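Readers should treat all values here as calculations from the given coordinates under stated rules, not as data from a laboratory. Predicted, not measured: the structure shown is a model, and the values here were computed from it. Cβ sites come from the backbone with ideal geometry, for glycine too, and all protein chains shown count toward neighbours.
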Amino acid sequence: MLIGEYSHSIDAKGRVFIPAKFREELGETFIVTSGTERCLFVFALKEWMEFAGKLQNVPVTDTESQKFLRSQFASATECTPDKQGRILLPAKLREYAGLDKDVVAIGVMSRVELWAKDNWETYNSYDDEEYQNALNKLSKIGI
């Protein structure tokens, strides 16, 4: 399971370090794509195939969901870390997530998310009411 939070910098060539703990879970090659709320999703190949398999059932007439599918697959790229554990992020993905200097990599169970540090700090600073609302939603599904 992918857990934890790590901070790194993106270099001038657009490379970001993926922590060894995450690389162990992700494997030698993995998929990076646009995520939600201006972050990037990083999937192990197996997880990507499971995710893609679930999306195959989306009807082509569901134009709103098809827009999401197109975004996910058009922006997806296969990455293999170099000897230093860095991956090269395409400019389009860096621009989408606002990654230009400080990057936070977080483990979210079956995926890693890459966030611009400022965006992550803003997103992760919700108040007690928002936290309680999230807990209420989770309790409705038995968690």
* Structure fact -> Percent relative contact order for the stretch 5-117, counting Cα pairs under 8 Å at least six residues apart, stands at 42 percent
* Apply 1/(1 + (r/R0)^6) to the Cβ-Cβ distance of SER9 and ASP127, taking R0 = 22 Å, and write down the FRET efficiency to the nearest 0.05. => 0.15
* Asked: Measuring from label point to label point, each 7 Å out along Cα→Cβ, what is the ILE143 to ALA52 span in nm?
  -> 2.6 nm
* Counting helices only, and only those DSSP H runs with n ≥ 4, report the 222 nm mean residue ellipticity of the chain as the sum of -39,500 (n - 2.57) divided by its residues, in deg cm²/dmol to the nearest 500. => -12000 deg cm²/dmol
* Two-site label geometry, THR77 and ARG23: point separation in nm, points 7 Å out along Cα→Cβ -> 1.8 nm
* Asked: How many times 2.2 N^0.38 Å is the alpha carbon radius of gyration of the stretch 29-143?
  -> 1.19
